[in-house]
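Student: Have a look at this one before I ask anything.
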Amino acid sequence: MSDETERGDGPETGYDAWLDALAAGDGFALVCPNGHGSLPPRRVCPECGATDRSREPLAETGTVETHSVVHVPAADFAADAPYATAVVDLGPTRVTGIYRDAGDAAPAPRVDERVAVDVAERAMDGERLVVFRPVDTA
Amino acid sequence: MTDVRVAGVGLTRFGTHPDRTGRDLFGEAALRAFEDADVPRGDVEELNYGNFMGALAEHQGHQAPLMAEAAGVRCPATRYESACASAGVAVREAVRTVAAGDADVALAGGMERMTTLPTDEVTDGLAIAADDLFEVRAGVTFPGAYALMATAYFDAYGGSREDLAHVAAKNHANAVPNEYAQYRREVSVAEAMDAPPIAEPLHLYDACPVTDGASALVFVSAEYAAENGLDAPVAVTGTGQGTDRMALADRDHLARTPAAADAATAAYADAGVDAADVDLAEVHDCFTIAEVLALESLGFFEPGEAIAAAREGETTADGDLPVNLSGGLKAKGHPVGATGGSQIAELTRLLRGDHPNSEHVPDADVGVAHNAGGTVASAVVHVLEVAE
């Protein structure tokens, strides 16, 4: 039973546990022997079905591959709008999150912009989410 | 394999129907399909029905038996859900069933009611077609997901908002004569450019509207059509389906839709045609960028080339390959679970010559329908040909 518990609720299978790790600066992906990275919860590699996966660190910074500034939000994000979403390459896998810069101006991410990954809260209800913040490369 | 014919098509007007139930909408579409087909309801052996968000919008699950009642048929009835491709997969099942000889007559189609919900709840409802953990919780909306693909496309290949505005203008122009279309008015490129942003770089006229509506199709075997003297000149000669990773971030390329390419490859092989044989197409333009991605996945254009197709007149009504002569999802409307059936209905009318835009394709023999779910994690492609 202990094996079943680990497989069901262990640190490598839960989304909340993954967010906890990301918030602690210990973000990770699951990587199969064929080099496919994916985010938990996963029982197998979604690309090739491999059951062997190792826990590999996500890069703490990465580059924006694409982005959008959302003006018409879903209800839960009404207090955040307008907000920017971005897809960022963090090494073993890409991650989708909210792009936030420090100022009050509307967010304006750029493709290839360097950002750091973090966990922050949704404005309306404090629900945790993945955020990216610009990294000063000057 | 048996030759599959479209015996009859039925649509409701697409638009806002706040006082009508889903069962009434599908009932109307089915009534029209049976009138068009001249097939007795008692001969129907299967109902394949598409619906996406009925449980949210109308507090109604288990819709297939309800829709069998609405259509006046008593046969095995199943609801198919594949987001915006729900009716496409329902049609595919009906086509495969008839092609396999398991039924001589099948009813397919779909229905969606969406205007019952306020905008933020529709946005929520549509967003559930994305990955809840890694996209929706990161603020990705349905327009936002396609906006991510548009930004990636522009970055990879170039192109501009104005190119997309030409797609909107084209499809709105096509919808003007279509009696079933939600927006029968032209939209200029300048008007589209000036519209407010939804999810940048997509603005209001890059997006399809929120729509109520239904579609229904009666498919029969060619033998049944001959034995019963039916006028069913259009055949479904090819069907294909593809699947991709659910979340956009997990795809190899953020500006390509290989699920649609896989579906097209299978459908073309099934029909024995290739992209060059196609005379017209109805593609899933839930957003203007989606039409561009579809045309490239269907093999009509190389990656990076379809962005200019509307602007250069290649896909307009008088172009070499008219695309979305119905008005597309963009202007005809997009009742999510009905759309895949509507595309087959419109292609059939266009090929038969009884569509208001048939005059633009008088010699067309081969049409393609492309129906996509989510950010094309699901795709269904059908080939229709004039068989008689």
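The values are calculated or read from the model by the stated rules, or taken from the named source; none is laboratory data. Predicted model, so just to flag it, every value in this text is computed and none were measured. Every residue, glycine as well, gets a Cβ built from its backbone with ideal geometry; the counts of neighbours run over all protein chains shown.
Student: Condition check: surrounded by 14 or more Cβ atoms within 10 Å (Cβ to Cβ) and in contact with an Asp or Glu (Cβ under 6 Å, 6 or more places away or on another chain). Does A:THR85 satisfy that?
Tutor: When the stated conditions are applied, A:THR85 does not pass them.
Student: In addition: For A:ASP118, state whether it is in a strand (DSSP E or B), acidic (Asp, Glu), away from every other protein chain (no Cβ under 12 Å) and surrounded by 15 or more Cβ atoms within 10 Å (Cβ to Cβ).
Tutor: yes
Student: Assuming B:ASP206 fulfils every condition listed in (1) in contact with a Ser or Thr (Cβ under 7 Å, 6 or more places away or on another chain); (2) away from every other protein chain (no Cβ under 14 Å) apart from one, which condition is it?
Tutor: (2)
Student: Residues that are surrounded by fewer than 18 Cβ atoms within 10 Å (Cβ to Cβ) and part of a helix (DSSP H, G or I): does segment B:82-89 have at least one?
Tutor: Looking through segment B:82-89, none of the residues is surrounded by fewer than 18 Cβ atoms within 10 Å (Cβ to Cβ) and part of a helix (DSSP H, G or I).
Student: Being touching a residue at least 40 places away in the same chain (Cβ under 8 Å) and at positive phi is the filter here, so list the residues in segment B:294-341 that pass it.
Tutor: B:GLY304, B:ASN324, B:GLY327, B:GLY328, B:GLY333
The rows are residues; the columns are (1) within 20 Å of the chain's Cα centre (by Cα); (2) more than 19 Å from B:VAL91 (Cα to Cα); (3) of a type outside the set (Asp, Glu); (4) surrounded by fewer than 19 Cβ atoms within 10 Å (Cβ to Cβ).
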residue: B:VAL4; (1), (2), (3), (4): yes, no, yes, no
residue: B:ALA7; (1), (2), (3), (4): yes, no, yes, no
residue: B:GLY10; (1), (2), (3), (4): yes, no, yes, no
residue: B:THR16; (1), (2), (3), (4): yes, yes, yes, yes
residue: B:ARG20; (1), (2), (3), (4): no, yes, yes, yes
residue: B:PHE26; (1), (2), (3), (4): yes, no, yes, no
residue: B:ALA33; (1), (2), (3), (4): yes, no, yes, no
residue: B:ASP36; (1), (2), (3), (4): no, no, no, no
residue: B:PRO40; (1), (2), (3), (4): no, yes, yes, yes
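Student: Can you pull out every residue in segment B:36-72 that is of a type in the set (Asp, Glu) and under 17 Å from B:SER342 (Cβ atoms)?
Tutor: B:ASP36
Student: Look at A:LEU90 and say whether it is aliphatic (A, V, I, L, M), farther than 14 Å from B:VAL140 by Cβ and surrounded by 15 or more Cβ atoms within 10 Å (Cβ to Cβ).
Tutor: Answer is yes for this residue.
Student: Does A:ASP136 qualify as being at the interface with chain B (Cβ under 9 Å from one of its Cβ atoms), of a type outside the set (Lys, Arg) and part of a loop (DSSP other than H, G, I, E, B)?
Tutor: no
Student: So, one more: Looking only at helices (runs of 4 or more DSSP H) that lie completely in segment B:247-342, which have at least 1 residues being basic (Lys, Arg)?
Tutor: Answer list for segment B:247-342: B:328-332.
Student: Of the residues B:ALA152, B:ALA106, B:ALA94, B:ALA145, which is modelled with pLDDT of 95 or more, in contact with an Asp or Glu (Cβ under 8 Å, 6 or more places away or on another chain), buried (at least 24 other Cβ atoms within 10 Å of the Cβ) and within 14 Å of chain A (Cβ to nearest Cβ)?
Tutor: B:ALA145
Student: If you scan segment B:194-233, which residues turn out to be in a helix (DSSP H, G or I) and under 30 Å from B:PHE287 (Cα atoms)?
Tutor: Matches in segment B:194-233: B:ASP194, B:LEU204, B:TYR205, B:ASP206.
Student: Which is assigned to a strand (DSSP E or B), among the hydrophobic types (A, V, I, L, M, F, W, C), touching a residue at least 12 places away in the same chain (Cβ under 8 Å) and within 24 Å of B:THR16 (Cα to Cα), of B:ALA129, B:ALA108?
Tutor: B:ALA108
Student: Can you find a residue that is facing another protein chain (nearest Cβ under 7 Å) and buried (at least 17 other Cβ atoms within 10 Å of the Cβ) anywhere in segment A:43-61?
Tutor: yes
Student: Within segment A:30-42, take every residue that is of a type in the set (A, V, I, L, M, F, W, C) and away from chain B (no Cβ under 11 Å) and give me the one that is nearest to the chain's Cα centre (by Cα).
Tutor: A:LEU30
Student: Looking for something more than 14 Å from chain A (Cβ to nearest Cβ) and of a type in the set (Phe, Trp, Tyr) - is there at least one such residue anywhere in segment B:266-274?
Tutor: Yes, the conditions are met somewhere in segment B:266-274.
Student: A follow-up question, please. Which residues, taken from segment B:155-200, are more than 21 Å from B:THR257 (Cα to Cα), within 14 Å of chain A (Cβ to nearest Cβ) and of a type in the set (A, V, I, L, M)?
Tutor: Across segment B:155-200, the qualifying residues are B:ALA195, B:ILE198.
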